[in-house]
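The values are calculated or read from the model by the stated rules, or taken from the named source; none is laboratory data. Because the structure is predicted, anything quoted here is derived from the model rather than measured. Positions of Cβ are backbone-derived with ideal geometry, glycine not excepted, and every protein chain shown enters the neighbour counts.
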Protein chains: 2
Amino acid sequence: MGGGFGGLSLAQSLKNVPVDVTLLDRANYHLFQPLLYQVATGSLSPANIAAPLRQVLRRQQNTTVFLADVTDIDTTRKRVILSDREISYDTLVVATGSSHQYFGHDEWGKYAPGLKTIEDATAMRSRILLAFEAAEREKDPEERRAWLTFVIVGGGPTGVELAGALGEIANDTLRHDFRDIDPSSARILLVEGSDRILPPYPPELSQKAQAMLQRLGVTVCTGTMVTSIESDAVTVHRGQHTEKFRTRTILWAAGVAASPLGQALAKSIGAPVDKAGRVVVQPDLTVPGHPEIFVIGDLANFSHQNGKPLPGVAQPAIQEGRYVANVIKSRLSGATEALKPFHYVDRGNLAVIGRGAAVADLLKIRLSGWPAWLIWIFIHLVNIVEFQDKILVLLQWGWLYLSYDRSARLITGRDPSKLDLL
Amino acid sequence: MGGGFGGLSLAQSLKNVPVDVTLLDRANYHLFQPLLYQVATGSLSPANIAAPLRQVLRRQQNTTVFLADVTDIDTTRKRVILSDREISYDTLVVATGSSHQYFGHDEWGKYAPGLKTIEDATAMRSRILLAFEAAEREKDPEERRAWLTFVIVGGGPTGVELAGALGEIANDTLRHDFRDIDPSSARILLVEGSDRILPPYPPELSQKAQAMLQRLGVTVCTGTMVTSIESDAVTVHRGQHTEKFRTRTILWAAGVAASPLGQALAKSIGAPVDKAGRVVVQPDLTVPGHPEIFVIGDLANFSHQNGKPLPGVAQPAIQEGRYVANVIKSRLSGATEALKPFHYVDRGNLAVIGRGAAVADLLKIRLSGWPAWLIWIFIHLVNIVEFQDKILVLLQWGWLYLSYDRSARLITGRDPSKLDLL
């Protein structure tokens, strides 16, 4: 279940294995999530980073793709419950990922949208562009300031990438577009609770990323906790100080919550789950007591060597998918118990800030600036699933590089008569 | 008012004229409507055919772009009324276009969506793709047949282009994608009230277009009127016969209704409007008695030499925009009365059915098949506004040509838990 990095890698690894594979997903496409922020900031179109699952798996005759919303799992009868039917299984792999969470403040969701789906990304894109439009129309200087203030909550890779792209939009992309406002006067705040941005990176790279963001006009507020979010303001707490920023655009790049199927497994078979709702899996990625149920990807809490769970990014999910395929192959051949536990090979981390600005932590090698940026481009292009999309993305990046134009700058999906309410 | 072909052509023609231009539109982009059906059928992404208005007009310092929903026009005080403010004018050009209409059956809109906006196109794309997904899940043969039956109402260019693209999707694009259904067994009906499709074209080209559609598996029903549309059926009337088709996907490419601002002008200054709600304009495109108010594009009813109003397509709108710019220039120079009435230069018509299949009526020259198709591609590429989009569209067409892949095949914007209700 799940057509993300984990589910797709598993299905592809089972290509020539004599099993029947059913891939269930709510969407009809595999989403290349690492580039989702580029849709949210108007650099790429949704279709550039989404590959139709049926197309990716069309030549794989043992695999069926179902567009489905899984409501529950009946582990006793070995069935996955959909809204209109049931599907039986011998082996079940749950890879349903995560969504964002607001640390118990669900009411913040209304004002601070997150970024997990294509719909999230196009909605975020509309919000950002509408804010500049609203500022251009606004006469009151204080209100205009609020429209031109952008607060990004969370200084992980997504927050950093969003802040960098917003900096470029304000300073370069929109430079000549308005008559009454100067887009480069926009105030972009990146709020992070811990003492530096990109906490999983080495401190020196966090510093470099912060310097690059500042060059793009982003104000980085580390050690700062958000205590309240309203429709037109964010209140933050930093040491002894409390500060309230008036803003009309708040973007959420902080908390992650596991898919509710983790809780469903906890309820039905007592699978252990952590605070974030992830299933704590065995060394072979199964649920304790249920060797026929695997959990991989963002939904799994797999303890790495250092004792910390693996991060919810693409690499662990892909490797877990391949590992599970090997377990299944090995079980088919009868040699069940011999397989080694899953071992994650960390290939490092990459985050991009802007044109020629990125940080790379490739284990022994730490890079920043142009070299990291070029590696980032190369790795992302190589990993985009469809060949056509590789070309289209490369072209659009080339164009963006030369002109700063973001051509996918569309405000869509809103009711035009509600423009003023936003 | 209006950032379509008419409004944009006018604004661009006023580039070096000493006037202040304010362009109002509900959307922040100029939409290249002739290719909208390609978004609806998954060949192109919305951003490929939408150019941000601010970007197109960024170097034009006399022009201001406003994202606005016009609610009314106060012709006495010479003001355009927006929801939150008023804008005064000396000269007003109304180019707010048209939307679809259901010949008095507004209840059909729920089941038979039309195609005028990007939101319409992505919704239509989702419906088409979901129908194949639902057919794959459906066990009952009659229900499955209904999911695999597509009815397109209206045999004008949009209907013909949609039907041709659907034929290619069913026969080629999805060929290997499903396990339980054969997409090429889909039944595609094109329903047209008059006695041939593409009524404005010469009869020989209508015949050729019909033959090309039939080769793609489309059933063309001419002389056929739709008398009823329900959630799962269309009833048609043909001569003495009434027939009911069970179908879950009905696409509307028939009636066109002028923008409500036509009626607003009729009420406030007694502008004459025709049955379709278009403003019947003077030979200089002004409203009778109001030389300061022009109406152009789909909203205008301008009688051509043959007495018929100009068709609601791009060419008349563009030429009307240029003409109005000339009138304004000429008035500035004082020589008001000398200008000749608007004269439309018909450059011909083009419609595409599929790969290598198109019809072209270029006045003296009538073409079909490959030559018409190549001309169609050339003309559309030349006319796409942004250079980057020309390249991206060309690439995607090249890819489509080679592989039949439609990579923008995304089902988006729906609530996944409502999958089964569609």
Inset, instruction - Quick one: A:Val65 ticks every box in (1) more than 26 Å from the chain's Cα centre (by Cα); (2) within 9 Å of chain B (Cβ to nearest Cβ); (3) under 19 Å from A:Val19 (Cα atoms); (4) not polar (S, T, N, Q) except a single one, so which number is it? - result: (1)
Inset, instruction - Take segment B:335-373 and flag every residue that is in contact with a Gly (Cβ under 8 Å, 6 or more places away or on another chain), of a type in the set (Phe, Trp, Tyr) and surrounded by 14 or more Cβ atoms within 10 Å (Cβ to Cβ). - result: B:Trp373
Legend entry - Unmet requirement for A:Gln263, which otherwise passes all of (1) within 20 Å of A:Asp106 (Cβ to Cβ); (2) in the same structural domain as A:Met124 (by TED's automatic domain parsing); (3) free of Cβ contacts under 8 Å to residues at least 24 places away in the same chain: (2)
Legend entry - Unique match (being buried (at least 23 other Cβ atoms within 10 Å of the Cβ), closer than 29 Å to B:Leu251 by Cβ, among the small types (Gly, Ala, Ser) and more than 10 Å from chain A (Cβ to nearest Cβ)) among B:Ala40, B:Ala47: B:Ala40
Inset, instruction - Quick one: in segment B:77-88, of everything that is more than 8 Å from chain A (Cβ to nearest Cβ) and without any contact (Cβ under 8 Å) to a residue 12 or more places away in the chain, which residue is farthest from A:Asn28 (Cα to Cα)? - result: B:Arg77
Inset, instruction - Return the total of residues in segment B:384-422 being part of a helix (DSSP H, G or I) and either closer than 30 Å to B:Leu130 by Cα or modelled with pLDDT of 75 or more (or both). - result: 18
Inset, instruction - Filter segment A:122-139 down to residues that are farther than 15 Å from A:Thr173 by Cα, touching a Leu at 6+ places or on another chain (Cβ under 9 Å) and basic (Lys, Arg) and give me whichever is nearest to the other protein chains (Cβ to nearest Cβ). - result: A:Arg137
Legend entry - Check on A:Gly356, over 27 Å from A:Ser88 (Cβ atoms) and in the same structural domain as A:Val385 (by TED's automatic domain parsing): yes
Inset, instruction - State the number of residues belonging to segment B:56-75 that are touching a residue at least 24 places away in the same chain (Cβ under 8 Å), farther than 18 Å from A:Asp180 by Cα and of a type outside the set (Asp, Glu). - result: 3
Legend entry - Single match in A:Thr247, A:Thr235 (criterion: of a type in the set (S, T, N, Q), in contact with a helix residue (DSSP H, G or I) (Cβ under 7 Å, 6 or more places away or on another chain) and under 13 Å from A:Val191 (Cβ atoms)): A:Thr247
Inset, instruction - Check whether at least one residue in segment A:220-232 is surrounded by fewer than 21 Cβ atoms within 10 Å (Cβ to Cβ), assigned by TED's automatic domain parsing to the domain that holds A:Glu138 and part of a helix (DSSP H, G or I), and report yes or no. - result: no
Inset, instruction - Give A:Gly334, A:Gly277 a once-over and let me know the one that is under 19 Å from the mean Cα position of the chain (by Cα) and assigned to a loop (DSSP other than H, G, I, E, B). - result: A:Gly277
Inset, instruction - Kindly establish whether B:Gln55 is under 26 Å from B:Gln319 (Cβ atoms) and within 8 Å of another protein chain (Cβ to nearest Cβ). - result: yes
Legend entry - Test: residue in segment A:184-203 that is over 27 Å from A:Gly369 (Cα atoms), modelled with pLDDT of 90 or more, of a type outside the set (Lys, Arg) and not in a strand (DSSP E or B): no
Inset, instruction - Output yes when any residue across segment A:312-322 is more than 11 Å from A:Gly6 (Cβ to Cβ), part of a helix (DSSP H, G or I) and polar (S, T, N, Q), and no when none is. - result: no
Inset, instruction - Filter segment A:348-383 down to residues that are part of a loop (DSSP other than H, G, I, E, B) and within 18 Å of A:Ala165 (Cβ to Cβ), then give me how many there are. - result: 3
